[in-house]
Each structure stands twice: as C-alpha cells, then as structure tokens.
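*Asks:* Take this structure first; my questions come after.
The values are calculated or read from the model by the stated rules, or taken from the named source; none is laboratory data. Please read all numbers here as calculations on a predicted model, not as lab measurements. Cβ sites come from the backbone with ideal geometry, for glycine too, and all protein chains shown count toward neighbours. We work out accessible area using only protein heavy atoms, side chains counted, and drop any ligands, DNA or RNA first. Shrake-Rupley method; radii C 1.70, N 1.55, O 1.52, S 1.80 Å.
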Amino acid sequence: MRKRKLIDLARPSRQHWLGYILLAPAVILVAAIIAYPLLISIDISFQDVKLPRMGAARKPFTLENYQDLFSSPEFWHTCWVTLKLVVVVTTACLAVGLATALLVNNRFRGRRIARLAVALPWAVPEVIATVIFAWIFDSSFGLMGWLFIKLGLANQMVAWFSDTTAAFWVVATTMVWKGYPFVSIMCLAGLQSIPEDFYNAAKVDGASALQRLRWITIPSLMPVLGVTMVLVVLWVFRDFSIIKVLTDGGPLKATQTLSIMTYNEAFGFFKFGYASAVGVITLLLCVIASMAMLGRGSKAMY
Amino acid sequence: MASISIQNVYKNYGALNVLREFSLEIEDGEFVVLVGPSGCGKSTMLKILAGLEPASGGRILIGGRDVTDLAPGDRDIAMVFQNYALYPHLTVRDNIGFGLKMRGIPAAEIRRRVDEAARILAVEHLLDRRPKQLSGGQRQRVALGRAIVREPQAFLMDEPLSNLDAKLRVHMRAEISALHKRIGVTTIYVTHDQIEAMTMADRVVIMKDGLIQQIADPDTLFQKPKNLFVASFIGSPGMNFLSTAPADGAAIKLFGKKVPVNVSADRLKQAHSNGGIVAGIRPEYISTEGGGTEFIVRPSLIESLGSEKYVYFDAGEHTFSGLNDEEARKGLIARLAHSSPLAEGEELKLSFDPARVHLFEGRSGEALN
Ligand SMILES: Nc1ncnc2c1ncn2[C@@H]1O[C@H](COP(=O)(O)OP(=O)(O)O)[C@@H](O)[C@H]1O
Ligand SMILES: [Mg+2]
C-alpha cells in the first residue's frame, strides 16, 4: 500500500486548505500594515495623546477628542468642504469620463491614439500633475490667467489661490483632470460588452442616437458606473497629495478636506488623539457612503 | 404589409464579395426563407434590407417605396435577432413596447397594443418579469412580441430558433408559421437549417457564397433541384451521388445496368466530356420492393430508427468525390421502411425507379433533367 502523505491537500475534505495557505501571506501583510495601524488609531482616538510613543503608558479612556470635534466649527466646515468636493468632482469625473469613453468608442481613424490620449492623465504621477496645475494657475504668470485675460473674462491676472471660491474650483479642476481617465477606461470596457444587436434592434425600432444613449447605453453601463462612482468617491475622500501640494488646505481652510485636517492636526499641531478621531470619522463616513451606494446600485440592476 | 423588391443588390467588404447581384421579388404576405451554409451572406442580406448595413450597390423597394438609403427606423420593418436582443434592464412589457415608445405613441395606446401582442403570444403572465427570468422559448416569444406589436410592413428574422433546443425548435417553428398565417405579414426568414426552410417557407431562396442558387417552393426544390449544391443541401439524409457514364442512346450506366433517362444522348455525351455525369438518387427512393433498376449490395452499416432503417453501402466504381471527401467516404444511403431484420455484410437486393434519377453535369453542377 502506498504511504499516506502527511498533509494531502488533494483530499476532498481538505480542498479549501490550499486556498487558505496561499492567502495567508497577503492576509498577514494586510493585517500588519493596515489593520494594526487602524486599530492603534482607533485606540488613540479615545485617549488624550499629543505625541504617541511606542511603549508609552496608556492614557485613560476619554471621549474628549470626539466631544471637541463635534463642537468645533472647523470640523463641520471641513465636512462641508469634503462633501462639496466629493459631489463636484465625482459628478464631473463621471460626466467627462463617460463622454470621452463614448467618443473614443466610435470607429474612426486614429482611434488608438485618441484612446491613449484620454487615458494619459491617469499615467501622470499625482504630484507632478498637481505641480503642473499649480503653474497653470499661478497668479503672476500662469497660463489660465493669461487665457482669462485674452478671452476677456478678467482684466488682470487672477489670484487663484487667495480667493476661497477660486481655490476650491482650482482644486476640483485638478482632481477631475486626474480622475476622469479612470472612469473613461471603466466605461470603455463596459461599452464594449454591450451587444451590437441591442443597438441594431433599437435602430430598427426607430430610436434616435439620443434615445439609444438614454435607453440602452446608460442602463447597460449602470453596474460599471455604480462601482466606478464608489471608487471615485473614495478616492476624493482620501486624496491628499493634490490638495497638499496645490493649496495646503487654504486659503482660510476653504479647501481643507478631512484627510488634510487629519494630517494638519497630527503633524502640524501634534494632536494625535484629536487627529485620530478625525481619521476614524472619515473612515466611518467612507464605509457608510460606499455601502449605501453599492447596496442601491446592485439592487437597481436586473 | 407590403411587397418587397430587391434589385441587383451586392455587397463588398473590401475585396471580399459577400453578396453578388442579389435580386428577389417578394409578394405581399409571402413567407420567404433564405437558406444556405454559414457565411454565405444571409445575415448580410437581411441587415441590408433592414438598413443596418449599407449596400455597395442595387436598389431595395418596400411597398413600392425606394428605401435603399433610408434609416432603419423609417423603413417600417421589424426584426427578430438570433440572440433575441432583449434589454435586460427593462421588463418584458417595456421590451415589447420599446419600439412604440421610441416613436412617441401615447402610453395608453402602447399598453393596449402590448397587451394584445402578449395575448397572441401567450406571454401575458410574464409581462412584469425581466428577460433574465424567462426560459429560452419565452424569450423567443417576447422577441416576436416586440416585432408584431409594431404592426410593421414586414418581419425580418435572423436564425430566430437557433438558440433553442431541438424539441422547442420544432414547436416554435410551427408557432411562427401559425402566427404568419394569422397576421399575414410579409416575412423574410434566415436560417442555415434546410428543414426549417422546407417546413416554413412559401418560397425558399438557396444561397451559396453570396450567390442565389435557386428560388423555388419547397416541393420544386426537392423534386427539381437546379444544381448539385441545391440537391445536396436539401433533404435529410442527403441525396446520394454517383459518378456515371453514358450508355447507348438516352441512358446511363449504373451498377452494370443500362438505365434509361429523359435526357438526349447528345446532351449526355456533351456533359460526359464536361467533367462527367453525376447521377443523384434520394435515399427515400431506393427500396427493397423490386421493379425498375435492381442491384445487389452488401450493407456496411445498418441504423435502425424504429420505423425505418438507414442502410449504408459502398458506391464502388461510382464513388463521387466532387462535393467533399467526407461525403464520399460515408458511401450511399438507402432509407428503407423494411421492418424485417437485415444484416450487415449480407447481400441485399435494392431497386430504384429510373424516373427518380437526377442528372448533373460534373463541372458546372447544372442539372440535366
Ligand atoms: N463587418 C464585416 N467585415 C468583413 N466581413 C464581414 C463582415 N460581416 C460579415 N462579413 C463576412 O461576410 C460573409 C457573410 O457573413 P454573414 O452574412 O454573416 O453570413 P451568414 O450567411 O452566416 O449569416 C462572411 O464570410 C463574413 O465573414
Ligand atoms: Mg448569420
């Protein structure tokens, strides 16, 4: 008789073992670099910690950080800025992304180049893109100021970064430019999976191009758009480098989002307990937002 | 309802001639089937007719109106697609009413007409479901419903039954025929299945490589095929082909016998020098009853289908390899109603009526009789 192997993974009752074994390194890594810091920051958010040190004695449990947070006008203002940014950037990204995807989905000469061009901002590192936009919107020799003067929209160079409204829109524009290619690529993949006969049937039924978009393209893309929207929303929520480089949250905290606030409280004012509380709230908001959107999205389809 | 006239339509994809000089007159209310092997240009013809593909040349008239360069939606036709093209995000009701809605017909009117179409096709109980929740046959009906609700001038159907299992296909075949009898709309139906073509059509158009081979009603197609391709395509099992030579007078040599045929001696000689003469005998016209031309064979295989038997035997010196090798290798088939036991390898006397023999010229494949 053949000797039985010590650990025979081919045995029917152990089929799932291999999966766990292969998964283990990734799970351990994720636990080490995501779950552990996450737990630490939740823990810190309930303590009055200024500057945490490894091995320092635990401070007593307190809700002070959260009480301060909810009674602080700055926090509510930051929430409002974040919400505005999420809504504006997500909407614009979806609109521009879908439009460009529809455009390069047509058959025309040079389509491959056009597709590449649409995807290009995706390939530019975030910080570099931001620096470029900082130059474009420079208040003394930026391209955009010059353009505004030439178009007669302004009499002199616009001080983009000292006006609260203008700064917000500059940040939003930069984020849209950086974010729409992702939507575009996702939509393009979605568009290519719509059967040609859907359109043929609609054409025979006398649907115009606009009706085909409204009744076939958009509904067929809904599952893709739903997931894409969640990812874009989360990206806007957590994105740090664009705002940090462009405005650093200013002027007058007009572009300070929750992630910028977390950073400033921690590394600017060394209030780690308070910053952790902001971080935890951000996390909760993200979880709630994505659950709401995913739940609705998957129910609406089919 | 309308007549359809296709005049010298051709279509090229680059250097590829997909359709060559296609002309066809379809009468009001007729059921015409385009049939041919896959890739012969049937779908292309239908798409040109629907306006989904431009023709490279030629004219199309529907109900006397030139529609050659008209948008699909302005041609007043309805089309049923092979994979149904039902929209997964709409209910059955909205799917059926889609065309009406796109044309801006009032909601109440749409409701009435969708209900009527659903009643005709017996899908009333499915109206609130989505296509995903339907079986293949039900989806097929909904796709038909979407066509009939529009009350168009003509129906175009592109292999509408090929996604169904064999039993359902037979059932839906009969149902589409019944529907056509009932509403009488001019229908052009595309299939690669000769049985569908034979059972449903008023007239069949047989195509090969973008060329029409023959246009005729099913009986004529079966009795008087115009060429070798039509003869081999129609009928199941297919016609037996034997390469043969002329005998003295108006006759040919088959199985060492002289078989009289209704083709002149001169014509036979001419064909013989033109790639040879091919005789075709349908398996159903070979019998064990004697009379006519009799011959002895040793069956290599006998398949019993219960009510009848397929007897395979070797063509010997008459082996014809003009169509394809596979065809030649399987030998000849006789379809016998004989119920007494037959044995493989044992001698069997078969016979056929010389009047049932089809003759073709070897090179061109044209029928001689
Ligand atoms: N868009 C196209 N471009 C190039 N060739 C095509 C195109 N559509 C169809 N063809 C070719 O035309 C021929 C006929 O196709 P089709 O009409 O779909 O055949 P079928 O009779 O099977 O429906 C095929 O050889 C196919 O490869
Ligand atoms: Mg086809």
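*Asks:* Please verify whether the range B:126-142 includes one or more residues that are surrounded by fewer than 17 Cβ atoms within 10 Å (Cβ to Cβ), touching a residue at least 40 places away in the same chain (Cβ under 8 Å) and in contact with a helix residue (DSSP H, G or I) (Cβ under 7 Å, 6 or more places away or on another chain).
*Replies:* no
*Asks:* Regarding the range B:50-57, can at least one residue be identified that is in contact (Cβ under 8 Å) with a residue 12 or more places away in the chain, within 14 Å of chain A (Cβ to nearest Cβ), open to solvent by less than 50 Å² (accessible area, probe 1.4 Å) and away from ligand 1 (no atom under 16 Å from the Cβ)?
*Replies:* No - not one qualifying residue is present in the range B:50-57.
*Asks:* Is it fair to say B:GLN133 is within 13 Å of chain A (Cβ to nearest Cβ) and in contact with a Ser or Thr (Cβ under 9 Å, 6 or more places away or on another chain)?
*Replies:* Details: within 13 Å of chain A (Cβ to nearest Cβ): yes; in contact with a Ser or Thr (Cβ under 9 Å, 6 or more places away or on another chain): no.
It is false that B:GLN133 is within 13 Å of chain A (Cβ to nearest Cβ) and in contact with a Ser or Thr (Cβ under 9 Å, 6 or more places away or on another chain).
*Asks:* Return the residues of the range B:76-99 that are surrounded by 19 or more Cβ atoms within 10 Å (Cβ to Cβ), more than 8 Å from chain A (Cβ to nearest Cβ), of a type outside the set (S, T, N, Q) and on the phi < 0 side of the Ramachandran plot; say none if nothing qualifies.
*Replies:* B:VAL80, B:LEU86, B:VAL92, B:ARG93, B:ILE96, B:GLY97
*Asks:* Does the range B:162-178 include one or more residues that are under 25 Å from B:SER38 (Cα atoms), touching a residue at least 12 places away in the same chain (Cβ under 8 Å) and within 13 Å of chain A (Cβ to nearest Cβ)?
*Replies:* yes
*Asks:* Given the structure, is B:ALA154 closer than 28 Å to A:SER220 by Cα, in contact (Cβ under 8 Å) with a residue 60 or more places away in the chain, among the small types (Gly, Ala, Ser) and within 14 Å of chain A (Cβ to nearest Cβ)?
*Replies:* no
*Asks:* Moving on. Of all residues in the range B:53-67, count the ones that are closer than 21 Å to B:GLU30 by Cβ and not hydrophobic (A, V, I, L, M, F, W, C).
*Replies:* Initial filter on the range B:53-67 (closer than 21 Å to B:GLU30 by Cβ): B:58-67.
Then keep just the ones that are not hydrophobic (A, V, I, L, M, F, W, C); that gives B:58-59, B:63-66.
The qualifying residues number 6.
*Asks:* I would also like to ask the following. For the range A:159-271, please list each of the helices (runs of 4 or more DSSP H) lying entirely inside it that holds at least 1 residues being open to solvent by 20 Å² or more (accessible area, probe 1.4 Å), aliphatic (A, V, I, L, M) and over 20 Å from A:LEU285 (Cα atoms).
*Replies:* So the answer is A:164-192, A:209-212, A:218-238, A:241-246.
*Asks:* Among residues belonging to the range B:15-46 that are more than 18 Å from the chain's Cα centre (by Cα) and over 21 Å from B:PRO218 (Cβ atoms), point out the one that is farthest from ligand 1 (Cβ to nearest atom).
*Replies:* The extreme case among them is B:GLU21.
*Asks:* Right, another one. Taking the condition of a type in the set (Lys, Arg) and in a helix (DSSP H, G or I), does B:LYS269 pass?
*Replies:* Working: of a type in the set (Lys, Arg): yes; in a helix (DSSP H, G or I): yes.
When the stated conditions are applied, B:LYS269 passes them.
*Asks:* Okay, moving on. Restricting attention to the range B:172-226, which residues are within 28 Å of B:GLY145 (Cα to Cα), within 16 Å of ligand 1 (Cβ to nearest atom) and open to solvent by 50 Å² or more (accessible area, probe 1.4 Å)?
*Replies:* Correct list: B:HIS192 only.
*Asks:* Moving to a separate point now. State which residue pairs qualify: first residue exposed (fewer than 15 other Cβ atoms within 10 Å of the Cβ) and inside the range B:20-34, second residue of a type in the set (Lys, Arg) in any location, beta carbons under 9 Å apart, and separation of 6 or more residues or different chains.
*Replies:* B:GLU27/B:ARG203
*Asks:* Considering (1) more than 14 Å from chain A (Cβ to nearest Cβ); (2) within 15 Å of ligand 2 (Cβ to nearest atom); (3) open to solvent by less than 50 Å² (accessible area, probe 1.4 Å); (4) under 19 Å from the mean Cα position of the chain (by Cα), say which one B:LYS11 fails and leave the rest.
*Replies:* (4)
*Asks:* So, of the residues in the range A:182-212 that are more than 13 Å from chain B (Cβ to nearest Cβ) and among the hydrophobic types (A, V, I, L, M, F, W, C), which turns out to be nearest to A:ALA123 (Cα to Cα)?
*Replies:* Across the range A:182-212, the extreme among qualifying residues is A:PHE182.
*Asks:* Continuing with this model, one more query. I'm trying to understand the selection: among the residues of the range A:56-101, which are of a type in the set (Ser, Thr, Tyr) and farther than 27 Å from A:LEU231 by Cα?
*Replies:* Residues satisfying the conditions are A:THR62, A:TYR66, A:SER71, A:SER72.
*Asks:* Scan the range B:35-48 for residues that are in a loop (DSSP other than H, G, I, E, B), near ligand 2 (Cβ under 10 Å from one of its atoms) and open to solvent by 20 Å² or more (accessible area, probe 1.4 Å) and report the count. Let's see the steps before the verdict.
*Replies:* Kept after step one, since they are in a loop (DSSP other than H, G, I, E, B), are these residues of the range B:35-48: B:36-41.
From the residues that got through so far, the ones that are near ligand 2 (Cβ under 10 Å from one of its atoms) too are B:36, B:38-41.
Retained after the next criterion (residues that are open to solvent by 20 Å² or more (accessible area, probe 1.4 Å)): B:38-39.
Residues meeting the conditions: 2.
*Asks:* Among the residues of the range B:58-70, are any farther than 17 Å from A:VAL204 by Cα and within 16 Å of ligand 1 (Cβ to nearest atom)?
*Replies:* Yes, some residue in the range B:58-70 is farther than 17 Å from A:VAL204 by Cα and within 16 Å of ligand 1 (Cβ to nearest atom).
*Asks:* State all residues of the range B:339-355 that are surrounded by 15 or more Cβ atoms within 10 Å (Cβ to Cβ) and not in a strand (DSSP E or B); if no residue qualifies, say none.
*Replies:* Step one: of the range B:339-355, the residues surrounded by 15 or more Cβ atoms within 10 Å (Cβ to Cβ) are B:342, B:348, B:350-352, B:354.
Passing the criteria: B:LEU342, B:PRO354.
*Asks:* Quick check on my filter: what residues within the range B:144-171 are under 19 Å from B:ALA78 (Cα atoms), open to solvent by less than 50 Å² (accessible area, probe 1.4 Å) and more than 16 Å from ligand 1 (Cβ to nearest atom)?
*Replies:* Answer for the range B:144-171, where residues must be under 19 Å from B:ALA78 (Cα atoms), open to solvent by less than 50 Å² (accessible area, probe 1.4 Å) and more than 16 Å from ligand 1 (Cβ to nearest atom): B:LEU144, B:GLY145, B:ARG146, B:ALA147, B:ILE148, B:VAL149, B:ARG150, B:PRO152, B:ALA154, B:PHE155.
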